[in-house]
Amino acid sequence: TPSKLIRKLGEKIGDESSVAYWAWKNDIPIYCPALTDGSLGDMIYFHSFKNPGLVIDIAADIRSINNHAVYAKKTGMVILGGGVVKHHICNANLMRNGADFSVYINTGQEFDGSDAGARPDEAVSWGKIRIEAKPVKVYADATVVFPLIVSETFAPHVQKLKKKEADVE
């Protein structure tokens, strides 16, 4: 599956600055429905000449992500960008009657008809976000804004935990 391939890449890269490395280290799947769109897809294509038979089962990842959503007590979506990734995670939440929490961060505008441009209320109308949820869309470059959001929300808690650990030692 694409997630198993990404897991193996995370393991082999051995680089602590890599998201894939930390996902592998903490047994967190990374789903990529468009794995073949780009350089990695080209490498899979070239690999198949010398080693025919490589099959990447995308359907198994769809079952996996949908099952994660269906069997979760609550789900949240933090979607950076749009397109295939946004559509994939929203559809998984459709299988459970919508996500409980949702944040979109992208520069997509509604007028162009793109998936990225669709506002959260569109996802509510499809049942991808629960009607009682309070979704947010941030119109900004995710590469700039997301690190700022993390630094103001999660990072302070990490610093407190580190301080507590240091105090215990």
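The values are calculated or read from the model by the stated rules, or taken from the named source; none is laboratory data. As the structure is a prediction and not an experimental result, all values here were calculated from the model. Note that each Cβ is placed from the backbone with ideal geometry, even for glycine, and that neighbours are counted across all protein chains shown. These accessible areas exclude ligands, DNA and RNA; they are computed on the full protein's heavy atoms, side chains included. Shrake-Rupley method; radii C 1.70, N 1.55, O 1.52, S 1.80 Å.
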Rounded to whole Hz, the Karplus (6.51, -1.76, 1.60) HN-Hα couplings of segment 102-118, x for glycine and proline | 7, 10, 9, 10, 6, 9, x, 10, 5, 5, 8, x, 6, 5, 4, x, 5
The chain, accessible area per residue, ligands and nucleic acids excluded (1.4 Å, Å²) | 67
Calculate, for A59 and K25, the FRET efficiency according to 1/(1 + (r/R0)^6) with r their C-beta to C-beta distance and R0 25 Å; round to the nearest 0.05.
-> 0.40
Pick out which of K74, K12, K134 has the largest mean-square fluctuation in a Gaussian network model of the chain, springs linking Cα atoms closer than 10 Å.
-> K12
Taking K73 as the anchor, which lysines have their alpha carbon closer than 17 Å to its alpha carbon, excluding any fewer than eight residues away along the same chain?
-> K128
Under a point spin-label approximation (7 Å from Cα along Cα-to-Cβ), what is the Y139-V168 distance to one decimal in nm?
-> 4.6
Separation between Cα centres of segment 71-136 and segment 17-57, rounded to whole Å = 25
Of the GluC sites (Glu not before Pro) in segment 58-152, which ones lie in a loop per DSSP and count no more than 12 other C-beta atoms within 10 Å?
-> E132
Find the relative contact order for the chain and round it to a whole percent, using C-alpha pairs within less than 8 Å whose residues are 6+ positions apart.
-> 15
Nearby lysines by direct alpha-carbon distance to K164 (threshold 28 angstrom, same-chain neighbours under 8 apart not counted) = K25
Filtered hits (aspartates and glutamates, Cα-Cα < 13 Å from K4, offset >= 8 within chain) -> D27, D57, D61
How far apart, in nm, are the 7 Å Cα→Cβ label points at H157 and I44?
-> 3.4
Quantify, in whole percent, the carbon and sulfur part of the accessible surface of the chain (1.4 Å probe; protein heavy atoms only).
-> 60
Computed [θ] at 222 nm, deg cm²/dmol, the chain (DSSP H ≥ 4; -39,500 (n - 2.57); rounded to nearest 500) | -16000 deg cm²/dmol
